[in-house]
Amino acid sequence: MNLTNLKDNFFPTVFAVALLIIIMVLSNPVFAQQSAFDKLKQRFDEGEIFHAEFQHRYIDSYTQDTVSNKGSIWVGEDKYKVRTQNQSVVVDGETSMVFDDSRNRVILSKYEPTEDDFAPSRILNGADSTYTIESQERHDGKIFINLVSEDPFAVFQKVEITLNTDLEPLRIFAKDQADNLITTSFKEGRFIAPEQGMFNLDYPEGAEIVDMRNQP
């Protein structure tokens with residue numbers, strides 16, 4: 001699944017996964033001296049789920065076309081769910097499940113992190129050297145972290161993260177290697193305890209089911 005497919009077909013998932021990446025990158029030992037990030041990592045290690053309403057905007061650097069969307073996200077240590085008005089996406093670490101409301105269709109596929117441009121492993125394999133902290137500041141009750149990368153194979157060349165003092169993400173801005181601009185703002189974000197069925201995919205009876213998990 002490349003960036004084009006994500007933008008065109010699975011657009012709402014981009015920053016849910018990017019959020020996972022940023023959290024996991026910041027929990028890497030290179031940041032171990034930062035107690036704030038240790039605390040953030042611990043919340044996920046203990047199974048807490050970050051839940052928020054989000055507003056997302058993608059600006060194509062070539063055409064300047066802008067795509068906007070909003071919805072809800074749930075992000076755990078190794079899974080996530082994104083729900084918008086017309087689409088729901090759930091990844092549980094093994095299976096990717098997508099419900100397209102406009103087509104009343106569910107697509108099930110085996111989740112392969114190595115084929116996902118935004119999989120945590122893509123960054124974690126070289127997190128020590130791929131991203132560096134350009135700056136980090138605390139003011140006005142917020143934490144601002146700027147990450148940069150000169151690696152041409154990194155997903156993003158620049159990432160700006162804004163957290164509140166409870167280490168809950170407020171905004172993530174990124175510029176990818178094609179200079180596309182991706183911004184997601186989070187509202188009413190909070191860490192919550194996991195609940196049974198939280199990462200189930202909801203869809204109506206009679207929806208078409210396309211199961212691609214056994215295809216070569």
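Determine whether residue 76 is under 19 Å from the mean Cα position of the chain (by Cα) and at pLDDT below 80.
Yes, satisfied.
Within the range 64-86, can one find any residue that is part of a strand (DSSP E or B), small (Gly, Ala, Ser) and over 17 Å from residue 203 (Cα atoms)?
Yes - at least one qualifying residue is present in the range 64-86.
Taking the range 87-116, which residues are part of a strand (DSSP E or B), touching a residue at least 60 places away in the same chain (Cβ under 8 Å), more than 13 Å from residue 200 (Cα to Cα) and out of contact with any Pro (no Cβ under 8 Å at 6 or more places or on another chain)?
105, 107, 109, 110
For the range 190-210, how many residues are over 14 Å from residue 104 (Cα atoms) and not aromatic (Phe, Trp, Tyr)?
9
So is residue 61 under 30 Å from residue 214 (Cα atoms) and polar (S, T, N, Q) or not?
No; evaluated as a whole, the condition is false for this residue.
Across the range 161-200, which residue is modelled with the lowest pLDDT among those that are surrounded by fewer than 18 Cβ atoms within 10 Å (Cβ to Cβ) and β-branched (Val, Ile, Thr)?
165
I'd like to verify a number: residues in the range 45-102 that are touching a Ser or Thr at 6+ places or on another chain (Cβ under 9 Å) and of a type in the set (Ser, Thr, Tyr), how many?
Looking only at that region, the number is 6.
Looking at 123, 133, can you tell me which residue is surrounded by 11 or more Cβ atoms within 10 Å (Cβ to Cβ) and either over 24 Å from residue 73 (Cβ atoms) or at pLDDT 80 or above (or both)?
Exactly one residue qualifies, and that residue is 133.
State whether the residues of the range 139-146 include one that is surrounded by 15 or more Cβ atoms within 10 Å (Cβ to Cβ), of a type in the set (S, T, N, Q) and farther than 20 Å from residue 89 by Cα.
Yes: the range 139-146 contains one or more residues that are surrounded by 15 or more Cβ atoms within 10 Å (Cβ to Cβ), of a type in the set (S, T, N, Q) and farther than 20 Å from residue 89 by Cα.
Please identify the pairs in which a residue from the range 185-202 that is more than 18 Å from residue 91 (Cβ to Cβ) has its Cβ atom under 7 Å from the Cβ atom of a residue that is in a strand (DSSP E or B) and small (Gly, Ala, Ser), counting only partners at least 6 apart or on another chain.
Short answer, once both residue conditions are applied: 186/52; 187/52; 188/52; 189/52.
Take residue 153 and decide whether it is part of a loop (DSSP other than H, G, I, E, B), at pLDDT below 80 and surrounded by fewer than 19 Cβ atoms within 10 Å (Cβ to Cβ).
Taking the combined requirement at face value, the residue satisfies it.
Take the range 136-157 and flag every residue that is in contact with a Leu (Cβ under 7 Å, 6 or more places away or on another chain) and under 10 Å from residue 174 (Cα atoms).
Once the filter is applied, which keeps residues that are in contact with a Leu (Cβ under 7 Å, 6 or more places away or on another chain) and under 10 Å from residue 174 (Cα atoms), the range 136-157 yields nothing.
Under 23 Å from residue 154 (Cα atoms) and at pLDDT 85 or above - does that describe any residue in the range 37-53?
No, the conditions are met nowhere in the range 37-53.
For the range 56-66: of the residues being within 20 Å of residue 171 (Cα to Cα) and modelled with pLDDT of 85 or more, which is surrounded by the fewest Cβ atoms within 10 Å (Cβ to Cβ)?
By that ranking, first place goes to 66.
The values are calculated or read from the model by the stated rules, or taken from the named source; none is laboratory data. Source: prediction; values computed, not measured. Here Cβ is always computed from backbone atoms with ideal geometry, including for glycine, and neighbour counts include all displayed protein chains.
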